[in-house]
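**Student:** Below you will find the structure I want to go over with you.
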Amino acid sequence: MAQDPALTYLRHGQSPLFRLPVSIGAPPPGTRAVLLGVPFDLGTTYQPGARLAPWHVRRVSALLQGWHPVHGVDVFAEVPAVDGGNAAFPPFDPGAMREAVQGEVSRIAAAGAAPFLLGGDHSIVLPALRALAKAHGPLAVVHVDAHLDTSGPETWGEAFHHGTPFRHALAEGLVARDALFQVGIRGPWGASTDADPSRKHGGVIVSPELVDAEGAGALGRRIREACGGLPTYVSFDVDALDPAFVPGTGTPVPGGLTTREAFALLRGLAGVRLAGMDVVEVCPALDHGEATSTLAAHLLYEGLALLAVEGRRRPGRAG
Ligand code: MN
Ligand code: MN
């Protein structure tokens, strides 16, 4: 399950994620990570287009190589991984999307592998969390985003969209108590009560200013300690980053994280027991110079690197 060499990738004219083998359906024995596109953006409340991200990110991801100089590990040698293709469903049917994603993620988890989802908008995370909580029990969740995504039906008259997945996840008991970490959150909000769902669950909300004050790497290490041995899911909405770094996203908010802070945060999580990850809200039509698609590929790579160094986990909170 190694990467294809660069010349083989050129010769084939195809671009699976990170030049990995393509494997649709049940992953081959020994697979530790399955990358899965979810081309869905009917959950967007503003600018749509995230459904095309899997194709764009696949293409630019061919540039990435295996050796991670910070962790000191060859990610693709350490983590047998495949490109699992895309979840397939009628693109205008949110219920069909949820069913397809839950089925795919259940299958991946049952094979002992971790899913790495590439959205799509953030509404794709709910069926993934449902499948993973069923497989592992309640999860620790590291949610990197400008937005809390714990909105209810009162705003749009609809309970399921990209602003609501964590409201459902908390209500359904998919997230362990005191194990929700929301990083990059900023305003303006609808009301002072917007954070109530998270806070009532013991959630920790970290603004970009607080990331600045603590340092992203230190914050990542603190979150890793707090997650302890719990199976942990990382949900990465690229609008957590400042629009200066991420032009290609549908609901931008100024004042966000830098690219280096995002990497430092993820690297600080090293040792976490990673159950899965997503990168969502990449909108190629709004992107410039492929900056956002390239970032998304690197974020997925950082997530795979966390799997590669998982054995370095330190003892902590029991899962
Ligand atoms: Mn989001
Ligand atoms: Mn967001």
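**Student:** Give me K200, K134 sorted ascending by neighbouring Cβ count inside 10 Å, so fewest comes first. Don't skip to the end; give the middle numbers.
**Tutor:** On the way: K200 10, K134 14.
Lowest count first: K200, K134.
**Student:** On to the next question. Are there DSSP H segments in the chain that both extend 20 Å or more along their axis (alpha-carbon positions) and score a mean Kyte-Doolittle hydropathy of at least -1.0? List them, or say none.
**Tutor:** 94-110, 291-308
**Student:** Here's another thing I want to ask about it. At a 10 Å Cβ-Cβ cut-off, how would you order I24, I205, I223, I124, fewest neighbours first?
**Tutor:** I24, I205, I223, I124
**Student:** Calculate one ³J(HN,Hα) per residue across the range 24-38 by plugging θ = phi - 60° into the Karplus curve 6.51 cos²θ - 1.76 cosθ + 1.60, and present them in order as whole Hz with x for glycine and proline.
**Tutor:** 8, x, 5, x, x, x, x, 5, 9, 9, 10, 8, 9, x, 10
**Student:** Can you list, bin by bin at 10 Å, the percent of alpha carbon pairs in the range 82-240, starting at 0?
**Tutor:** 10, 40, 37, 13, 1
**Student:** While we're looking at this one, here's another question. What percent antiparallel are the DSSP beta bridges of the chain, to the nearest 5? It would help to have the intermediate numbers written out before the result.
**Tutor:** Values: 2 of 37 bridges.
Beta bridges within the chain, antiparallel portion: roughly 5 percent.
**Student:** Treat every Asp and Glu Cβ in the chain as -1 and every Lys and Arg Cβ as +1, leave all other atoms uncharged, and give the resulting dipole magnitude about the Cα centre to the nearest 20 debye. Walk me through the numbers on the way to the answer.
**Tutor:** On the way: 25 positive and 31 negative charges, 217 e Å.
Value, rounded to 20: 1040 debye.
**Student:** So, one more: Please list, ordered by chain and number, the residues whose modelled amide H lies under 5 Å from the amide H of R273; skip anything fewer than 5 residues away on the same chain.
**Tutor:** T232
**Student:** Residues with amide H under 5 Å of H143's amide H, sequence separation 5 or more or different chain, H placed in the peptide plane at 1.01 Å from N; which?
**Tutor:** F181, Q182, V183, S235
**Student:** Another one. Projecting each Cα onto the charge dipole of the range 199-294 (Lys/Arg +1, Asp/Glu -1 at the beta carbon, about the Cα centre), which of L230, T258, T294 comes out farthest on the positive side?
**Tutor:** Positive-most Cα among the choices belongs to L230.
**Student:** In whole angstrom, how long is each semi-axis of the equivalent ellipsoid of the range 70-158, when you take the square root of 5 times every eigenvalue of its Cα gyration tensor and sort them from largest down? Walk me through the numbers on the way to the answer.
**Tutor:** Details: eigenvalues 136, 61, 37 Å².
Rounded to whole Å, the semi-axes are 26, 18, 14.
**Student:** Test of understanding: express the Cα radius of gyration of the range 148-267 as a ratio to 2.2 N^0.38 Å, with N the residue count.
**Tutor:** Details: Rg = 14.3 Å, N = 120, 2.2 N^0.38 = 13.6 Å.
Compared with the compact-globule rule of thumb, the range 148-267 sits at 1.06.
**Student:** Now, a different point. For the residues Y233, Y46, Y301, Y9, what sequence is obtained by ranking on other C-beta atoms within 10 Å, fewest first? Spell out each step's value before the answer.
**Tutor:** Details: Y233 28, Y46 10, Y301 21, Y9 17.
Taking fewest neighbouring Cβ atoms as first place, the list is Y46, Y9, Y301, Y233.
**Student:** Another question about this same structure. Could you give each residue of the range 271-277 its phi-based ³J(HN,Hα) in whole Hz, using Karplus coefficients 6.51, -1.76, 1.60 with θ = phi - 60°, and x for Gly or Pro?
**Tutor:** Whole-Hz 3J(HN,Hα) from phi for the range 271-277: x, 5, 8, 7, 8, x, 7.
**Student:** Something else about it: Residues with amide H under 5 Å of A114's amide H, sequence separation 5 or more or different chain, H placed in the peptide plane at 1.01 Å from N; which?
**Tutor:** Residues meeting the criterion, in which the H sits 1.01 Å from N, are A33, V34.
**Student:** Kirkwood Rh over Cα pairs of the range 1-147 into Stokes-Einstein at 25 °C, 0.890 mPa s: D in µm²/s?
**Tutor:** In µm²/s, the coefficient is 152.
**Student:** What per residue convex hull volume, in Å³, comes out for the range 214-316 when only alpha-carbon positions are used?
**Tutor:** With only Cα atoms used, the range 214-316 gives 87 Å³ per residue.
**Student:** Rounding to the nearest 20 debye, state how big the charge dipole of the range 97-249 is about its Cα centre with +1 on each Lys and Arg Cβ and -1 on each Asp and Glu Cβ. Provide the component values of the computation, followed by the final result.
**Tutor:** Values: 12 positive and 18 negative charges, 125 e Å.
Here the range 97-249 has a charge dipole of around 600 debye.
**Student:** Let me ask you something else. Taking N as the number of residues in the range 207-248, what is its alpha-carbon radius of gyration divided by 2.2 N^0.38 Å? Before the final figure, lay out each step's value.
**Tutor:** Numbers: Rg = 12.6 Å, N = 42, 2.2 N^0.38 = 9.1 Å.
The value comes to 1.38.
**Student:** Continuing with this model, one more query. Can you run phi through the Karplus equation (6.51, -1.76, 1.60; θ = phi - 60°) for the range 147-161 and list ³J(HN,Hα) in whole Hz, with x for Gly and Pro?
**Tutor:** These are the phi-based 3J(HN,Hα) values: 10, 6, 6, 10, 5, x, x, 5, 6, 10, x, 8, 7, 10, 7 Hz.
**Student:** What do you get for Rg/Rh of the chain when both radii come from the Cα atoms and Rh is the Kirkwood radius?
**Tutor:** Working: Rg = 17.7 Å, Rh = 19.1 Å.
Reported Rg/Rh, Kirkwood definition of Rh: 0.93.
All of the numbers you see were taken from the coordinates with simple rules; none came from a lab. Not measured: the values here are computed from a predicted model. Note that each Cβ is placed from the backbone with ideal geometry, even for glycine, and that neighbours are counted across all protein chains shown.
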